[in-house]
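Visitor: Sharing a structure with you now.
Readers should treat all values here as calculations from the given coordinates under stated rules, not as data from a laboratory. Quantities reported herein were computed from a predicted structural model and do not represent experimental measurements. We place every Cβ from the backbone using ideal geometry, glycine too, and count neighbours over all the protein chains shown.
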Amino acid sequence: MNAVPGPVGHPLLGVVPAFVADLLGTLERTFAEHGDLVAYRFGPSWAGRTVYGAFHPDDVARAMTDPAVFGRDTAGFKVIRESIGDGLLTLDGETWKRHRKLVQQLFTHRRVMGYTALMAEEASKVVNDPSLRSGTVDLHDLMQRYTLRVVGRALFGDVIDDIVEELQDLVQQLGETSTARRLQLFTLPLSLPTPRNRTLRDIRRRLFAIADRVLAMPSRPDADDLLTRLRAARDADTGIGLSEQEIRDEVLGFLLAGHETTAGALTFTLHELGRRPDIQSDIAHAADDTLVRATIQEGMRLYPPAHSTERITLVDTTIAGYRVKAGSQILISPWVTHRHPEFWPNPTTFDPTRFLSGPPTHRYAYIPFGGGARACIGMQFALMESTILLKTLLRSYRFDTTSQPLSVRPLLTLRPNGPVLATATANALQPA
Ligand code: HEM
C-alpha cells in the first residue's frame, strides 16, 4: 500500500513551524494539495511521529462513531485534562459512561426549555448594555459576558458577575498556553518547573479556585439549577451519584466548554451579519426561528468554535484507502470539512439559505457539535441561547461590521484575534 501523502515540512521539525504560524491555513492548503487523508510529520524525518488529518465526512463519521477503533486518549486531550481535570470532555472508558449517563439527565429537551426564561432575561439586559448604546461595540466581549452570565445562572441559579472578568482572562491564557504545549515536539511533565509549566499550573490553580468558590456558594432551598440537579442525580442502576470532586470537575467543564464556544458562534455570526443588513432585517421581522437558526448554523459552518478535535486508533485500520497503524493520532478539522467542496458549493461564501432547504447532504459534513456518543451535551442549550440572543438583539439594533475578513486564532476554541468591532444603530422596529 502507498504511503499517505503529506507536506514535506521542515527537515528537523516537520510541520510544527507551519502549524504554529498558521494552523488553519496549513490544513486548508494541504487538504487542497493532498486530499482527504494527509500525513503531518512532527519532528525529524527519521524519528518524528505522524498525525493524520482525516477530512472526508465518511472518515469523520467512522472516527466519531466507532469507539472500538477510534479512542479518545490523545495527546491533545491529555493536555486539556491536565488543565481542567476529569470532566465529561476529558474522561474516557467506563468512568466517562457513568458521568455521561448522569449528566445527560440535566440536558434533556425539557430541561433546556426550562432555561429559556433566564436566557431571554439576559438577552434583554444585553440590549441595554452601555457599550451598545454608545454605538461602537466589541462583539466578542459582549457575547462572552452574555454566555458566561447565562451558563452561570443555569448552573448556580445566580449571576456570577464577580468572576466573569477573571474567567474571560483565564480562558484566553489557558488557550494560549495549552495550545503552545500541544504543539511542542516533546511534552515535558507538567511537574517540571519550566516557565510555561508554571504558568499552566497557575492557571489551573486559579480555575479550580473559581470552581471551589462557586461550589461553596449557599444554594437556595428551592434551587432548580444544574448544580443542584447534578448533586441530586443518581445512576438508575446503581443508585450512586458523583462525588464533590467529580462535580467540581464537571462544573469547570461546563463553565469552560459552555461559554467560549457559544460566545464565538455568536460573535462570528454577528460579524458576518454586519455585512448583510438584508438578512438582519429578515430575522428581525421573521415570525419564527427558522432563519435565525439557519444563520447561526451557517456562522458555525464558516467559523466552527470547536475548530478541531482528535482521536487515536486503537487497532490497525484503513482510512481513505490507506493503512494506518494502531496508536496513530487522527486530527479531525471541522474548519476543513465544513469547506469540503464536494459537500459545500462556494464553500467560503456566507449563505444561511444553505440550511433552509433541509439538513446537509452528509450528516458528517457538518460537525460543529461533533457526533456519535461523544457529541456535545450542550448543543440544544447553546442553540437555544444563541437563537434567543440574536433575535432579541436584531429587533433592537442594526449592526455594521467591516468588510475585512475576520482574523481568528485556533486556540482551544476558535477565537477572534483581538476585538471584533461593530457599529450598532438603534432600530425603528423596537426602540432600545
Ligand atoms: C456553540 C457552542 C458549542 C460548540 C460549538 C460545542 C462543540 C462541542 C464539540 C465539537 C464537542 C465534541 C468534541 C469531540 O468529539 O471531540 C463538544 C463536547 C462537549 N461539550 Fe460542547 N459545544 C458548545 C456548547 C456547549 C455548552 C453550552 C456546554 C455545556 C453547558 C457544552 C459542554 C460540552 C461537554 C461536557 C462536552 C463533552 C461531551 C462528552 O464527551 O461526553 N458545550 N462540544
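Visitor: Which of rounded, prolate, oblate describes the chain, given a ≥ b ≥ c as roots of the alpha-carbon gyration tensor eigenvalues and a/c under 1.5 marking rounded, otherwise prolate only if a/b is larger than b/c?
Guide: Because a/c hits 1.5 or more and a/b fails to exceed b/c, the chain counts as oblate.
Visitor: Among the GluC sites (Glu not before Pro) in region 1-95, which ones are in a DSSP loop with at most 10 other Cβ atoms within 10 Å of the Cβ? Mind listing them?
Guide: Details: sites: Glu28, Glu33, Glu82, Glu94; in loops: none.
Taking region 1-95 and a limit of 10 other Cβ atoms within 10 Å, no loop GluC sites (Glu not before Pro) are found.
Visitor: Whole-Hz ³J(HN,Hα) for each residue in region 43-56, computed from phi via Karplus 6.51 cos²θ - 1.76 cosθ + 1.60 with θ = phi - 60°, x for glycine and proline: what do you get?
Guide: Once θ is set to phi - 60°, the couplings for region 43-56 become x, x, 5, 8, 9, x, 9, 10, 10, 9, x, 10, 10, 6 Hz.
Visitor: How high is the relative contact order of region 334-399? Use alpha-carbon pairs under 8 Å, at least six apart in sequence, and give a whole percent.
Guide: Relative contact order for region 334-399 comes out at 26 percent.
Visitor: Using the alpha-carbon centroid of each, what span in Å lies between region 31-45 and region 297-314?
Guide: A separation of 18 Å, based on Cα centres.
Visitor: For region 77-187, just say rounded, prolate or oblate: build the C-alpha gyration tensor, square-root its eigenvalues into a ≥ b ≥ c, call rounded for a/c under 1.5, and beyond that prolate if a/b exceeds b/c, oblate if not.
Guide: oblate
Visitor: To continue, here is another question. Identify all aspartates and glutamates with a Cα-Cα distance to Lys325 below 18 Å; exclude those on the same chain that are fewer than 8 residues away in sequence.
Guide: Asp36, Asp59, Asp66, Asp73, Glu310, Asp316
Visitor: What's the exposure ranking of Asp224, Asp288, going from fewest to most Cβ atoms within 10 Å?
Guide: Asp288, Asp224
Visitor: What is the dipole size for the chain, taken about its Cα centre, with +1 at each Lys and Arg Cβ and -1 at each Asp and Glu Cβ, in debye to the nearest 20?
Guide: Values: 48 positive and 48 negative charges, 135 e Å.
Roughly 640 debye for the chain.
Visitor: Let me ask another. I need the shape label for region 149-216. Rule: rounded when a/c is under 1.5, else prolate if a/b > b/c, else oblate, with a, b, c from the alpha carbon gyration tensor.
Guide: prolate
Visitor: Please work out the FRET efficiency for the pair Arg323 and Asn346, using the Cβ-Cβ distance as r and a Förster radius of 35 Å; give the result to the nearest 0.05.
Guide: Computed FRET efficiency for Arg323 and Asn346 comes out at 0.50.
Visitor: Something else: Given Cα pairs under 8 Å that are at least 6 residues apart, what percent is the relative contact order of the chain?
Guide: 25
Visitor: Counting only Cα, what are the radius of gyration and maximum Cα-Cα distance Dmax of region 290-432, in Å?
Guide: 18.1, 62
Visitor: Which length gain, in nm to one decimal place, applies between Thr199 and Arg220 when the Cα-Cα distance is subtracted from 0.36 nm times their residue separation?
Guide: Result: 3.9 nm gained on full extension.
Visitor: Could I ask something else about it? Under 24 Å from the Cα of Lys97, which lysines turn up, not counting those fewer than eight places away in the same chain?
Guide: Answer for Lys97, where 24 Å is the Cα cut-off: Lys78, listed by chain and number.
Visitor: For Cα pairs less than 8 Å apart in space and 6+ apart in sequence, what is the mean separation divided by the residue count of region 379-432, i.e. the relative contact order in percent?
Guide: About 42 percent, as a whole number.
Visitor: Take each complete run of DSSP H in the chain, measure how far its Cα atoms stretch along the helix's own axis, and keep only those covering 15 Å or more with mean Kyte-Doolittle hydropathy at least -0.5; list them.
Guide: The answer, listed by residue number, is 16-34, 116-127, 139-156, 244-273, 290-302, 379-396.
Visitor: Please order Lys78, Lys391, Lys97 by the number of other Cβ within 10 Å, starting at the fewest.
Guide: So the ranking, lowest neighbour count to highest, is Lys97, Lys78, Lys391.
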